[in-house]
Amino acid sequence: MGFLAGKKVLIIGVASKLSIATGIADAMHREGAEIALTYQTEKLKKRVVDFGKKWNSQLILPLDVSDDAQIEAVFEEISKQWGSIDIVVHSVGYAPAHELEGDYVDATTREGFAIAHDISAYSFVALAKYARPLMKEKGGSLLTLTYLGAQQVVPNYNVMGLAKASLEANVRYMANSLGADGIRVNAISAGPIRTLAASGVKNFRKMLNETAKQAPLKRNVTIEEVGNAAAFMCSDLASGISGEILFVDGGFNTTAMHPLDDA
Ligand code: NAD
Ligand code: 0WE
């Protein structure tokens, strides 16, 4: 029996086979979890329904996290179908594309700032409002995905860095707020991975190469590795961990000096 046997999980953020959420769903399904999925747009619906087959998902619902009514509807349906929930995975981030290129001060706009923070940071606590009543009796676990750009300057990550910093603080405040109900809240800070969200990013391939050279493991990480860490973090194996940012980045964040030419 897997270490997530009997756990009911909602996973938000599957958009393609490359999505980090797809790696998380694979790992959680392998460990015995029952999985509900959401899709952001009607265009993505068919794809997510197809993925759902592989994970035997019975619950596949529409959800744009900028819409409170849709969040409420998702948890209403989960309450009807499941009565309770054990795990919610938030694998969602967005800023308008023009915010993620060029000089930070020049590129950042009031509107782009608001959108990035709404979709990437606020939405996590918005979900928690509705998840809490469904987790209260047995406890539960909430997980989000963040990036090193929250803590250190990464060129072009720009306003997403601020949104992820807010998301990481959100993890700590939510952990403190929900801890008395037995609900743990954590984040995984993943190294760069080629996904849809990364595909439009200028020089992403260069970033992958440089990261691999400098990381202690001398390579990039995969969605399978993030998925395994996520499954652990949301399982009872991690029952003592809350408010934590866990790096799954091959150790990159611990290094400072760029590799010298002969390295
Ligand atoms: P992805 O494009 O596969 O996933 C992003 C998801 O966000 C998509 O499923 C998209 O539908 C969803 N989304 C965006 N706006 C939404 C909205 N308004 N409502 C509902 N869903 C919305 O890319 P990914 O790389 O798997 O990203 C998942 C998470 O991982 C993000 O939070 C991202 O910041 C984070 N992350 C990514 C990397 C990387 O290098 N790929 C590294 C660290 C952290
Ligand atoms: O969090 C992310 C992706 C964030 C992201 C990407 C896009 C591209 C398409 C948010 N919003 C959008 N909006 C779009 O229109 N990552 C951690 C991956 C990523 O994105 C970067 C990175 C890395 C790493 C952007 C610039 C620099 C580095």
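Across segment 207-212, in residue order, what do the Karplus-derived ³J(HN,Hα) couplings come to in whole Hz, using 6.51 cos²θ - 1.76 cosθ + 1.60 with θ = phi - 60° and x for Gly and Pro?
Running phi through 6.51 cos²θ - 1.76 cosθ + 1.60 with θ = phi - 60° gives 4, 4, 5, 5, 4, 4 Hz.
Sort 116-122, 211-217 for me by packing, meaning the mean count of neighbouring Cβ atoms within 10 Å per residue, highest on top. Display every interim value, and only then the final one.
Working: 116-122: 20.6, 211-217: 15.7.
Ranking, from highest mean packing down: 116-122, 211-217.
Distance from a point 7 Å along Cα→Cβ of LYS129 to each backbone N in segment 34-76: keep the residues under 14 Å and list them by number.
The answer is 65-76.
So which of LYS43/LYS136; LYS80/LYS138; LYS54/LYS129; LYS53/LYS164; LYS45/LYS164; LYS7/LYS136 end up more than 23 Å apart, counting from Cα to Cα?
From the list (LYS43/LYS136; LYS80/LYS138; LYS54/LYS129; LYS53/LYS164; LYS45/LYS164; LYS7/LYS136), the Cα-Cα distance tops 23 Å for LYS43/LYS136; LYS54/LYS129; LYS53/LYS164; LYS45/LYS164.
Kirkwood hydrodynamic radius for the chain: how many Å is it when counted over pairs of different Cα atoms?
18.7
With each label point set 7 Å from Cα along the Cα-Cβ vector, what nm distance links ARG219 and LEU18?
So the label points at ARG219 and LEU18 sit 1.9 nm apart.
If each of GLU210 and LYS53 carries a label point 7 Å out from its Cα toward its Cβ, how far apart are those two points in nm?
4.2
Show me the ranking of peptides 37-45, 252-260, 22-30, 196-204 by mean Cβ neighbours inside 10 Å, starting with the highest.
Highest to lowest by the protection proxy: 22-30, 37-45, 196-204, 252-260.
Ignoring everything except DSSP H segments at least 4 long, calculate the 222 nm mean residue ellipticity for the chain; use -39,500 (n - 2.57) per segment, divide by total residues, nearest 500.
Working: 10 runs with 111 residues, N = 263.
Computed mean residue ellipticity for the chain: -13000 deg cm²/dmol.
At 0.36 nm per residue, and after removing the present C-alpha to C-alpha distance, how many nm does the segment from ASN203 to ALA256 gain when stretched out fully?
17.0 nm
For segment 49-196, would you read off the P(r) tail past 22 Å as a percentage of all alpha carbon pairs?
More than 22 Å apart: 45 percent of the Cα pairs in segment 49-196.
Using only the alpha-carbon atoms, how far is helix 123-135 inclined from the longest principal axis of the chain? Give it as 0 to 90 degrees, nearest 10.
30
P(r) tail for segment 1-120, what percent of Cα pairs lie past 25 Å? Walk me through the numbers before you get to the answer.
On the way: 2151 of 7140 pairs.
Here the tail beyond 25 Å accounts for 30 percent of pairs.
In Å, what Rg and Dmax follow from the Cα atoms of segment 151-191?
12.5, 40
Using the crude model of +1 on Lys and Arg Cβ and -1 on Asp and Glu Cβ, and no other charge, please compute the dipole size for segment 81-121 relative to its Cα centre, in debye to 20. Can you show the working numbers first?
Working: 1 positive and 7 negative charges, 39 e Å.
Using Cβ point charges on Lys, Arg, Asp and Glu, segment 81-121 gives about 180 debye.
Below 15 angstrom from the Cβ of MET28, what's the summed charge of the other residues (Lys, Arg +1; Asp, Glu -1)?
Summing Lys/Arg as +1 and Asp/Glu as -1 gives -3.
Provide the per-residue ³J(HN,Hα) series for segment 70-86, in order, calculated from phi with Karplus coefficients 6.51, -1.76, 1.60 and θ = phi - 60°, each as a whole number of Hz, with x at glycine and proline positions.
5, 4, 4, 5, 4, 6, 4, 5, 5, 4, 5, 7, 10, x, 7, 9, 9
Relative to the present Cα-Cα distance, how much length would full extension add between LYS46 and LYS80 at 0.36 nm per residue of separation?
Answer, rounded to one decimal: 9.9 nm.
Every number here is computed from the coordinates shown, using simple stated rules; none is lab data. From a predicted model like this one, the values you see are computed outputs, not experimental measurements. Don't worry about glycine lacking a Cβ; one is built from the backbone with ideal geometry, like all the others, and counts go over all protein chains shown.
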